[in-house]
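One structure is given here, and the rest of the page talks about it.
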Amino acid sequence: MLAALFTHLTVMTINKTLQKYPSADIYGIQEDLYGKWLGTAISIIYLTYFFVSAGVILRTYIEVVQTWMFPNLPTWVLSGIILFLAFYTVVGGIRVIAGYAFFSFMVTIWMIFELYFPLKFARWEYLFPVMDTSLENLFNGMIAMSLTSAGFEILYVVYPYVQNKERVHKSVQLAVLVTYLIYLFVMIVALVFFSQGQLMRTIWATLNMQKMVYLPILERFELVVISLWLLVILPNIMLYLWASARGLKRLFGFNLRHSLYWIITRAVKPLALAMGI
């Protein structure tokens, strides 16, 4: 909840900044504020952050697949397939990416209802005592949410392409609210399903809860969830790659397709492979 509060405040700050530059992205804003050289240096940090984020998301998903489904699958095979799909979509432009993101949301939003199955075995006394922790632990938990909640910063690059800019702030705030409500619900279900000792020994608690889903025609439902989760992480990878390639084009005049190819082959894929060592 604290992470949600700070995210709402950050989104409000981002929107206030972009309202002063309705036709510029983060790269143009920084060049205007800090000058060509300093602005370019800071923008390089931003575009580096974007493709590193894409690499982290990619490697995290591959780790889940290798742990739960295909232990002997080489990292480069799955990373190559996913990055090819991302490249094929990003080349189509921001409209194609937005369309795929909408499709991904509509296809996967139903998975939230799977939590009904572990909720049947809930032990609500696990929630007590309430607020029995220190402010330091609360702050560390909030920091741990940063990777999960990241993504709203892509608004800095997407904003110039939005048609109805007066609706952006309300839409983004609503998206942040819904996202954190889902996170809160998942957190509560995990807390009442697992004991404290079990949570400390469980790496992927949400995936472990999927084992409680019972269907007559399907024994291991968590494998279906992992497969469908590819549809969730792909829009994130696409947007980060597009934002990074857009930065190279904006700062140095490189072709978007060539920039994207260089980022994937020279940065993101090697990063994903290096994280697997």
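The values are calculated or read from the model by the stated rules, or taken from the named source; none is laboratory data. Because the structure is a prediction, the values reported are computed rather than measured. Because the Cβ atoms are built from the backbone with ideal geometry, glycine has one as well, and the counts that use them run over all protein chains shown. Side chains are part of the model used for accessible areas, which takes the heavy atoms of the whole protein and leaves out ligands, DNA and RNA. Shrake-Rupley method; radii C 1.70, N 1.55, O 1.52, S 1.80 Å.
Of all accessible surface on the chain at a 1.4 Å probe, what whole percent is carbon and sulfur? All intermediate terms of the calculation are to be shown ahead of the outcome.
On the way: 11080 of 16450 Å².
So the carbon and sulfur contribution to the accessible surface is 67 percent.
Can you work out the FRET efficiency for the pair Glu125 and Leu38, with r the C-beta to C-beta distance and R0 = 41 Å, to the nearest 0.05?
That pair, Glu125 with Leu38, gives E of 0.15.
Viscosity 1.306 mPa s, temperature 10 °C: Stokes-Einstein D of the chain from its Kirkwood Cα radius, in µm² per second? Write down the numbers at each step before the final one.
Values: Rh = 20.6 Å.
Rounded to a whole number, D works out at 77 µm²/s.
So how far apart, in nm, are the two label points at Tyr88 and Met69 if each is 7 Å from Cα heading toward Cβ?
Taking the two extended label points, one gets 1.6 nm.
What is the Rg over Rh value, at two decimals, for the range 209-259, using alpha-carbon atoms and the Kirkwood definition of Rh? Walk me through the numbers on the way to the answer.
Details: Rg = 18.8 Å, Rh = 13.6 Å.
Rounded to two decimals, Rg over Rh is 1.38.
Considering just Cα atoms, how many Å³ per residue does the convex hull of the range 143-277 enclose? Numbers along the way, then the final one.
Working: hull volume 25.4 nm³, N = 135.
In the range 143-277, the Cα convex hull volume per residue is 188 Å³.
Lysines within cross-link reach of Lys165: Cα-Cα under 23 Å, excluding same-chain residues under 8 positions apart?
Once the sequence-local lysines are set aside, what remains near Lys165 is Lys16, Lys20.
Send over a whole-number figure in Å² for the accessible area per residue of the chain, probe 1.4 Å. Provide the component values of the computation, followed by the final result.
Details: 16450 Å² over 277 residues.
Per-residue accessible area for the chain comes out at 59 Å².
Would you mind computing Rg(Cα) / (2.2 N^0.38 Å) for the range 18-163, counting N as its residues? If you can, show how the numbers build up before the last one.
Numbers: Rg = 20.5 Å, N = 146, 2.2 N^0.38 = 14.6 Å.
Dividing the Cα Rg of the range 18-163 by 2.2 N^0.38 Å gives 1.40.
Given a Förster distance of 41 Å, report the FRET efficiency between Met111 and Phe252 from their Cβ-Cβ distance, rounded to the nearest 0.05. Walk me through the numbers on the way to the answer.
On the way: r = 41 Å, r/R0 = 0.99.
Plugging the Cβ-Cβ distance into 1/(1 + (r/R0)^6) gives 0.50.
With bins 10 Å wide starting at 0, give me the P(r) of the range 78-191 over every alpha carbon pair, in whole percents.
9, 29, 33, 20, 9, 0
Evaluate the relative contact order of the chain (contact order divided by residue number), counting alpha-carbon pairs under 8 angstrom at least 6 apart; express in whole percent.
41
Pop a pseudo-label 7 angstrom from the Cα along the beta-carbon direction at both Ile217 and Ile81 and give the gap in nm to one decimal.
My value for the distance between the label points is 2.3 nm.
In deg cm²/dmol, rounded to 500, what helix-only [θ] at 222 nm does the chain give when every DSSP H run of at least 4 residues adds -39500 (n - 2.57) and the total is split over its residues? Don't jump to the answer; show the numbers that get you there.
Numbers: 15 runs with 198 residues, N = 277.
Taken over the chain, the calculation gives -22500 deg cm²/dmol.
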